Amino acid sequence: MNKQILLINDIAGYGKVATAAMLPILSYMGLPVYNLPTCLVSNTLDYGKFNLLDTTDYIQGVFPVWKELGFSFDAIATGLIASERQADIISNYCQEQADNGTIIFVDPIMGDEGKLYNGVTPSAINSMREMVAVAHLTYPNYTEACYLTGHPYRPEGVTAQEARELVDQLRHIGARSVLITSIRIDGQSMVTGYNHDRDEYFSLEYTEIPVHFPGTGDMFSAILIGHLLRGESLLFSTRRAMDGVAMLIDLNRDNEDKNRGIPVENFLHLL
């Protein structure tokens, strides 16, 4: 039986981000996918205006029911967390599941390009530290890694030594394996990380495409997790995720309304 995965992330009514971006990819890769919304959002935050419903009370009622019914998952992937209270509830659940053998993937969604996303408050930093502490693998972008570790964000990037120190500080929070995406190291765009299973550091180069779509981080996450749950290595899975996202961006770079994200269902056969 294929490994079952639970997505704990937001659901946007308009736009291919978060759960709406990840579920098609993971399902196409043959994984039974379940979901638990951390919040309902009217549309992607890139439009500037949105309406958001925090689902913390709902989540608090879900976990006891699932426990009574005996539901379990081979993997859990978390994304946007709506509040510190929600982070407490979800991190406790993830730790309980991890103790029973569930793999925990944490995407600490907070910001990019040196600033927090529209609508994300500074309290999210503490929430995400709680989530990273229970992760088998976490994969912040460079901005998020800086917020999590208290490092200053430098648009020009970092040295290789500084990148490794950033990775190690994320490991110190509690994550076993770490990736930092979209980081410039010695002038080159990279994904850099540490593989706990092999006790090795690595960096992979990529060529940046100067087009912005919301949801590409979620698509990276889905491709990455899909390959990892097939038993493939972190290095190989990371490369496949990088190449997959680059292809999706390139094929959609002329889309008129980029704020609604990439219509990923149209390209699943290419992934």
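The values are calculated or read from the model by the stated rules, or taken from the named source; none is laboratory data. These numbers were taken from a predicted model, which means no experiment stands behind them. FYI the Cβ positions are ideal-geometry reconstructions off the backbone, even for glycines, and counts take in every protein chain you see. Side chains are part of the model used for accessible areas, which takes the heavy atoms of the whole protein and leaves out ligands, DNA and RNA. Shrake-Rupley method; radii C 1.70, N 1.55, O 1.52, S 1.80 Å.
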Discussion item. Is the C-alpha gyration tensor of the stretch 85-182 telling us rounded, prolate or oblate? Criteria: a/c under 1.5 is rounded; beyond that, a/b larger than b/c is prolate, otherwise oblate.
Written reply: oblate
Worksheet item: If the convex hull of the alpha-carbon atoms of the stretch 112-237 is projected onto planes in all directions, what is the mean projected area in square nanometres?
Response: 7.6
Practice prompt. Place the peptides 223-236, 17-30, 112-125 in order of packing, highest mean first, counting for every residue the other Cβ atoms within 10 Å and averaging per peptide.
Written response: 17-30, 223-236, 112-125
Worksheet, complete the sentence: Distance in nm between Glu208 and Asp243 label points, each 7 Å along Cα→Cβ, equals 2.3
Worksheet item: In nm, what is the difference between 0.36 nm times the number of residues separating Asn100 and Asn2 and their Cα-Cα distance?
Response: 33.5 nm
Worksheet item: Tell me, what is the percent relative contact order of the chain, built from C-alpha pairs under 8 Å that lie six or more residues apart?
Response: 18
Worksheet item: Counting alpha carbon pairs within less than 8 Å and at least 6 residues apart, what relative contact order, in whole percent, applies to the stretch 4-126?
Response: 26
Discussion item. If I model a spin label as a point 7 Å beyond the Cα along the Cα-Cβ vector, how far apart are those points for Glu156 and Glu200 in nm?
Written reply: 3.3
Worksheet item: Given the stretch 1-126 reduced to its alpha-carbon atoms as identical point scatterers, what log10 I(q)/I(0) does the Debye formula return at q = 0.19 Å⁻¹?
Response: -1.13
Discussion item. Please report the carbon-and-sulfur percent of the accessible area for the stretch 1-93; probe 1.4 Å, protein heavy atoms only, DNA, RNA and ligands left out.
Written reply: 55
Worksheet item: How much FRET efficiency would the formula 1/(1 + (r/R0)^6) give for Ser42 and Ser83, where r is the Cβ-Cβ distance and R0 is 22 Å, rounded to 0.05?
Response: 0.75
Fill in: Pairs of lysines in the chain (C-alpha under 18 Å apart; 8 or more residues apart or interchain)
4
Response to the item:
Note on the stretch 118-271: contact order normalised by length, alpha-carbon pairs under 8 Å, 6 or more apart, percent, works out to 16
Worksheet item: Counting only protein heavy atoms and using a 1.4 Å probe, what share of the accessible area of the stretch 157-230 belongs to carbon plus sulfur, as a whole percent?
Response: 42
Item to complete: Find the accessible area per residue for the chain; the probe is 1.4 Å, ligands and nucleic acids are left out, and the unit is Å².
Response: 45
Fill in: Three-way shape label, the stretch 180-271, alpha-carbon gyration tensor, a/c 1.5
oblate
Practice prompt. Mind checking the full-extension length gain between Asp57 and Glu265? Use 0.36 nm per residue of separation minus the Cα-Cα distance, one decimal, nm.
Written response: 71.7 nm
Worksheet item: What is the spread of the Cα atoms of the chain along each of their three principal axes, largest first, in whole Å?
Response: 52, 43, 39
Worksheet entry | Net charge, Cys39 excluded, C-beta distance under 12 Å - Lys, Arg +1, Asp, Glu -1 | -3
Worksheet item: Among rounded, prolate and oblate, which fits the stretch 4-57 when a ≥ b ≥ c are the square roots of the eigenvalues of its C-alpha gyration tensor, a/c under 1.5 means rounded, and a/b larger than b/c means prolate?
Response: oblate
Fill in: Extension gain, Val65 back to Glu256 (0.36 nm per residue minus Cα-Cα distance, nm)
64.4 nm
